[in-house]
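What follows is calculated from the coordinates using simple rules that are stated; it is not laboratory data. Owing to the predicted nature of the structure, the values given are computational and were not obtained by experimental measurement. Reconstructed Cβ throughout: ideal geometry from the backbone, glycine too, with neighbour counts over all protein chains shown.
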Ligand code: ADP
């Protein structure tokens with residue numbers, strides 16, 4: 001304000017001086033011309049500075065204001081200060097937005113913002129991956145043009161603040177199950193949260209199947225046991241004792257099957273929950289193989305030719321109990337799925353000077369068709385359910401083997417040919433054996 005007043009005073013003083021000089025020189029016309037010249041000078045200066053201001057306003061943000069003296073200089077300085085403040089605020093807002101974006105990118109779930117017309121304003125990488133979209137191409141397109149599944153469109157139409165999430169599958173990302181939740185917010189916008197729940201759904205299905213399988217596996221022997229015990233009870237008075245003993249014997253066999261099933265289930269559950277097998281416990285390979293051979297011979301009862309070859313490392317490092325259970329399962333299967341007179345070879349060998357060891361069981365039994373091989377370690381998976389049951393199987397043996405081997409960083413390899421036999425091998429890494 002003072003600068004404006006000062007400029008006005010200077011202009012008035014100069015005009016007055018010019019007029020006074022004209023009067024003193026008794027030249028009225030000269031005095032008027034001088035005053036006009038001074039006034040014009042000030043007037044033209046204002047126009048020139050306004051022009052500079054207009055041109056400055058057209059330059060990019062951040063361009064320094066023009067320099068000027070007096071009132072205009074003060075005005076330009078004030079503008080410059082405001083510009084700097086606005087710049088700092090803009091910078092702050094950009095940084096905030098950037099932080100927010102990076103936080104949203106780091107979220108494990110997909111996030112998408114739709115405008116009032118349901119066009120995509122922004123989405124993070126997880127949302128792109130889940131929904132099969134591409135930010136660089138699909139941003140600003142309407143989501144309803146990109147995802148046309150009727151249940152999704154219905155959900156968007158009816159979504160409100162408390163809408164339950166929708167589970168659906170989209171052709172843009174086949175085979176994946178997605179859970180989507182819409183939350184409307186400011187100015188007609190909608191926030192979409194997307195999560196890939198394929199794995200969760202698989203787990204839920206597996207849990208359901210597992211419970212159904214266990215119930216089914218227990219139900220049959222339980223029904224048979226009950227039936228025979230009731231028959232034996234009813235027949236107590238008028239049936240010969242040998243017949244009653246036969247009923248009870250069958251009931252006992254069925255009870256044993258249930259017991260075996262429950263033992264296998266408990267083994268599996270402890271394999272899932274127990275701490276990993278120790279790396280420092282030495283298991284003597286020769287002693288372990290001798291035990292397995294003894295078990296196999298007892299199970300075979302002379303029906304098969306059984307040989308043992310041991311050229312492998314001296315010790316295994318891990319849990320003796322778990323390794324015995326895995327090896328016994330493989331060897332037991334060879335006995336149960338090899339007809340009488342067949343051959344079974346148990347072999348412990350080295351994989352090479354600096355490598356691990358391999359325990360393999362070769363049989364000349366019924367073999368397995370190739371389409372079953374990848375599923376053998378699934379719980380309750382059997383190639384021939386009736387045969388497995390007759391052989392006293394629970395369908396959990398190879399699942400136990402797989403778990404034990406995984407816990408020892410070993411892998412199971414299966415080669416088999418129907419009618420010719422199978423080779424099941426447990427291959428251990430170098431750090432699990434010692435010579
Ligand atoms: P089970 O208790 O039924 O034997 P496992 O998990 O041990 O269950 O084996 C799964 C299935 O794999 C068996 O039901 C059988 O069909 C097949 N199988 C396993 N070992 C052999 C083998 N040595 N020869 C032929 N089939 C086998």
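Once the Cα-Cα distance is subtracted from the 0.36 nm per residue extended length, the residue 420 to residue 303 segment shows a gain of 40.4 nm. Determine the calculated [θ] at 222 nm for the chain from helices alone, applying -39500 (n - 2.57) to every DSSP H run no shorter than 4 residues and normalising by the residue count; nearest 500 deg cm²/dmol. That calculation yields -18500 deg cm²/dmol at 222 nm. Can you grab the distance from the C-alpha centre of region 200-245 to the C-alpha centre of region 357-426, Å, no decimals? So the two Cα centres are separated by 26 Å. Label region 188-289 by shape, choosing from rounded, prolate and oblate, from the square roots a ≥ b ≥ c of the eigenvalues of the Cα gyration tensor; if a/c is under 1.5 it is rounded, and otherwise prolate applies when a/b is larger than b/c, oblate when it is not. Oblate is the answer for region 188-289, as a/c is 1.5 or above yet b/c matches or exceeds a/b. With an a/c value under 1.5 for the gyration tensor axes a ≥ b ≥ c computed over the alpha-carbon atoms, region 107-196 is described as rounded.
Neighbour counts of other Cβ atoms within 10 Å put 402, 202 in the fewest-to-most order 202, 402. Of the peptides 261-272, 119-130, the ranking by mean beta-carbon count within 10 Å, highest at the top, reads 119-130, 261-272. With R₀ fixed at 60 Å, the C-beta to C-beta distance from residue 32 to residue 86 puts the FRET efficiency at about 0.80.
Its relative contact order, with pairs defined as Cα atoms under 8 Å and 6+ residues apart, puts the chain at 9 percent. In this simple spin-label model, placing a label point 7 Å from the Cα along the Cα-to-Cβ direction at both residue 9 and residue 129 gives a separation of 7.3 nm. Label sites at residue 279 and residue 41, each approximated as a point 7 angstrom past Cα along Cα to Cβ, lie 9.3 nm apart. Suppose R0 equals 22 Å; then what is the FRET efficiency for residue 181 and residue 141 from their Cβ-Cβ distance, rounded to the nearest 0.05? With R0 = 22 Å, the Cβ-Cβ based efficiency is 0.55.
Protection proxy ranking, highest mean first, for peptides 24-34, 9-19, 311-321: 311-321, 9-19, 24-34, where packing is the per-residue count of other beta-carbon atoms within 10 Å, averaged. Its relative contact order, with pairs defined as Cα atoms under 8 Å and 6+ residues apart, puts region 58-137 at 16 percent. Which shape class applies to the chain: rounded if a/c is under 1.5, otherwise prolate when a/b exceeds b/c and oblate if not, where a ≥ b ≥ c are the square roots of the Cα gyration tensor eigenvalues? Prolate.
DSSP beta bridges fully contained in the chain are about 90 percent antiparallel. Footprinting exposure proxy ranking of 41, 359, 428, fewest other C-beta atoms within 10 angstrom first, gives 41, 428, 359. Annotation: for a label point projected 7 angstrom from Cα along Cα→Cβ of residue 324, residues of region 379-400 with backbone N closer than 18 Å are 400. Between residue 16 and residue 409, the simple spin-label model (points 7 angstrom out along Cα→Cβ) gives 10.0 nm.
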